[in-house]
C-alpha cells in the first residue's frame, strides 16, 4: 500500500506497513486534512476518526521519515527529526524519499491519496 501526499506545492510518497492501523488509514482515502508543525521534529495532522491501535507495541529503529499514528490524540505524525517511541505510537510506514518535504514550516492543507 502506497500513499501520495501533497502540501505546500510538494508531492511525495510513503509506503505503508502491513498492520491494522495502516489498512484502516488506506481505506479512508482520499483525505483532505490540515498539516502543521508540532514540537521541533514532526508535523501532525488530525484524522476524521481514530484508527485501531493494534500494533502499538514497542518498535525499534525509529527513523527520520517515519509516518506514525498517535492513538491517544488520533493524529498522524510525520517525523523530520530524531524521535523515540512512546506509548500509543504506531508506525504506519515510511516516507519514500525521506523527510525533506516536512521541513517547510507552517500550517497547510494536506491531501492524502492512494497511489496506484
Check your understanding: Fully extended, how many nm does the chain gain between residue 49 and residue 105 (0.36 nm per residue separation, minus their Cα-Cα distance)?
Key -> 17.6 nm
**Study point:** Percent RCO, i.e. relative contact order, over the chain, from Cα pairs under 8 Å lying at least 6 residues apart
**Key:** 38
Practice item. Kindly provide the helix-only [θ] at 222 nm of the chain, computed as the sum of -39,500 (n - 2.57) over DSSP H runs of four or more divided by all residues, to the nearest 500 deg cm²/dmol? Key: -2000 deg cm²/dmol
Study note, to complete from the structure: The FRET efficiency for residue 97 and residue 27, from their Cβ-Cβ distance with R0 = 30 Å and rounded to 0.05, is 0.75
Point to revise | Gain on full stretching of the segment that runs from residue 113 to residue 10 - 0.36 nm per residue minus C-alpha separation | key: 35.7 nm
**Study point:** Quotient of C-alpha Rg and 2.2 N^0.38 Å, computed over the chain
**Key:** 0.94
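Bear in mind that the values in this text are calculations on the coordinates, not laboratory data. Every value quoted in this text rests on a predicted model; they were computed, and no experiment measured them. No Cβ is skipped: glycine too gets one built from the backbone with ideal geometry, and neighbour counts run over all protein chains shown.
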